[in-house]
Amino acid sequence: MVGEMEDCALFFLDVQGNVGSWNKGAEMIKGYTAAEVIGTSFRRFYTAEGIARGLPDQMIEEARRNGTARQSGWRVKKDGNLFWAQVTLSAMHDEEGKLIGFSKFTRDMTEKMSIEKALNEYARELEFKNKELEQFVYIASHDLQEPLLTVRNFVDLLKDEYGSVFDENAELYLTFINQSTERMRNLIKGLLDYSRLGGNQPKKQIDLNAIIDGVRHDLYTQIESSGARIFCQELPLIRGHETAIRQLFQNLLSNSLKFRKVGVPPEIHISAQQDGEFWKFEVRDNGIGIEERFTEKIFAIFQRLHSHSEYEGHGIGLSHCKKIVEMHSGEIYVKSLIGEGSCFYFTIKI
């Protein structure tokens with residue numbers, strides 16, 4: 001059976017380290033036939049650098065002393081090519097306990113190592129790109145906000161210095177300028193917030209019922225002014241990024257409060273149920289609804305379905321939600337009908 005193993009090299013050495021047997025796996029991995037290696041030293045499989053460092057003798061001595069020795073490193077095939085080997089050398093004794101040789105087990109881990117190396121390099125490159133992007137967003141946002149602040153200050157100066165001679169049209173134009181700069185400032189802030197989502201904040205156990213209570217408090221003015229009613233079932237404890245999860249629920253509830261029917265108090269229902277290895281959440285409202293053709297588009301950053309004159313906003317809130325859910329290994333989607341409200345579903349891994 002040992003001789004038939006083809007995915008690993010398994011052979012025996014005498015006490016000096018000379019090859020005494022050779023299986024098919026050894027021939028496939030190293031390229032030598034049994035006739036070419038039996039009786040020769042196993043040191044031939046090491047690189048010149050490994051031999052200079054005394055690795056073969058160190059391995060034999062360790063196995064002699066401890067019963068087993070393990071090494072990982074480059075080894076040489078018959079054709080001179082290198083492969084990454086994972087090697088175990090075990091001492092063999094006779095009935096009287098005398099050392100009679102060693103069994104040597106070698107696996108070619110080159111492919112696995114190459115994959116791991118590629119993944120590590122990709123991870124490092126991705127981390128570098130993310131840091132580069134964060135820096136770019138911060139610098140760009142800062143540079144963009146400076147001229148906006150300048151415009152705002154000069155508008156205020158114009159009002160202070162020449163407000164008495166402005167007619168109604170001039171006042172209206174200045175108001176438009178201020179509104180536009182404020183909208184741009186909020187867009188930039190939203191972009192910064194989006195780029196910073198998650199960060200290095202550790203995951204922790206979160207009481208979602210407490211999160212909903214906090215969101216209700218934050219949205220108190222909107223809830224009271226709209227006459228909204230929020231119905232929330234008992235929600236589970238989860239592990240996640242607390243600030244982000246709170247932002248997720250706040251964005252979804254704000255969305256339901258904003259896109260309500262004229263003259264109809266909003267009703268929002270929040271529930272959760274376990275679905276395999278995920279918690280599946282539902283946030284359902286009785287608002288204006290969304291056309292089916294837009295149900296995916298709304299999660300893209302800066303996407304708006306309504307004009308600023310109809311509804312305030314910057315097209316960032318739901319893209320925040322999508323990013324937060326994906327940070328927690330979940331997905332988010334919406335089912336909706338015009339005039340009948342919307343139901344947002346999202347999952348978070350348990």
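The values are calculated or read from the model by the stated rules, or taken from the named source; none is laboratory data. None of these values were measured; they are calculated from a predicted model. Neighbour counts are summed over all protein chains in view; Cβ atoms, including those assigned to glycine, are modelled from backbone coordinates with ideal geometry.
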Residues located in region 238-271, provided they are under 21 Å from Glu340 (Cβ atoms) and crowded, with 18+ Cβ neighbours inside 10 Å: Leu252, Leu253, Asn255, Ser256, Leu257, Phe259, Arg260, Pro266, Ile268, Ile270
Tally, over region 331-340, of residues that are modelled with pLDDT under 95 and either of a type in the set (Gly, Ala, Ser) or part of a loop (DSSP other than H, G, I, E, B) (or both): 4
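To keep it simple, each residue is scored yes or no on (1) at pLDDT 90 or above; (2) surrounded by fewer than 16 Cβ atoms within 10 Å (Cβ to Cβ); (3) aliphatic (A, V, I, L, M).
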{"position": "Gln273", "(1), (2), (3)": "yes, yes, no"}
{"position": "Glu277", "(1), (2), (3)": "yes, yes, no"}
{"position": "Phe281", "(1), (2), (3)": "yes, no, no"}
{"position": "Glu292", "(1), (2), (3)": "no, yes, no"}
{"position": "Glu312", "(1), (2), (3)": "no, yes, no"}
{"position": "Gly317", "(1), (2), (3)": "no, no, no"}
{"position": "His328", "(1), (2), (3)": "yes, no, no"}
Tabulated pairs, region 100-115, first over 14 Å from Asp14 (Cα atoms), second outside any strand (DSSP E or B), C-beta under 7 angstrom, 6+ apart or interchain: Phe105/Cys8; Thr106/Cys8; Thr106/Ile29; Arg107/Cys8; Asp108/Ile29
Single match in Thr40, Thr88 (criterion: closer than 19 Å to Gln16 by Cα, in contact with a Ser or Thr (Cβ under 8 Å, 6 or more places away or on another chain) and β-branched (Val, Ile, Thr)): Thr88
Any chance Lys297 is under 24 Å from the mean Cα position of the chain (by Cα) and at pLDDT 90 or above: no
Answer from Gln222, Gln205, Gln201, Gln233 - the residue that is surrounded by fewer than 18 Cβ atoms within 10 Å (Cβ to Cβ), of a type outside the set (Val, Ile, Thr) and modelled with pLDDT under 85: Gln201
Condition broken by Glu96, with the remaining ones in (1) free of Cβ contacts under 8 Å to residues at least 24 places away in the same chain; (2) touching a strand residue (DSSP E or B) at 6+ places or on another chain (Cβ under 6 Å) satisfied: (2)
Near pairs, Cβ below 8 angstrom, 6+ apart or cross-chain, from region 172-189 (closer than 17 Å to His320 by Cβ) to any residue that is among the aliphatic types (A, V, I, L, M): Leu187/Ile316; Ile188/Leu144; Ile188/Leu148
Subset of region 14-57 (residues that are crowded, with 19+ Cβ neighbours inside 10 Å, of a type in the set (A, V, I, L, M) and part of a helix (DSSP H, G or I)): Ala26, Ile29, Val37
Candidate set from region 240-292 (those that are among the basic types (Lys, Arg) and out of contact with any helix residue (DSSP H, G or I) (no Cβ under 7 Å at 6 or more places or on another chain)); member that is nearest to Lys323 (Cα to Cα): Lys280
Test: residue in region 58-72 that is under 36 Å from the mean Cα position of the chain (by Cα), of a type in the set (Lys, Arg) and either at negative phi or not in a strand (DSSP E or B) (or both): yes
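For every residue, the table says whether it meets (1) part of a helix (DSSP H, G or I); (2) closer than 17 Å to Leu192 by Cα; (3) polar (S, T, N, Q).
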site	(1), (2), (3)
Ile139	yes, yes, no
Gln145	yes, yes, yes
Leu148	yes, yes, no
Asn153	yes, no, yes
Lys159	yes, no, no
Tyr162	yes, no, no
Ala170	yes, no, no
Thr175	yes, no, yes
Gln179	yes, no, yes
Check on Val76, free of Cβ contacts under 8 Å to residues at least 60 places away in the same chain, more than 38 Å from the chain's Cα centre (by Cα) and under 19 Å from Lys24 (Cα atoms): yes
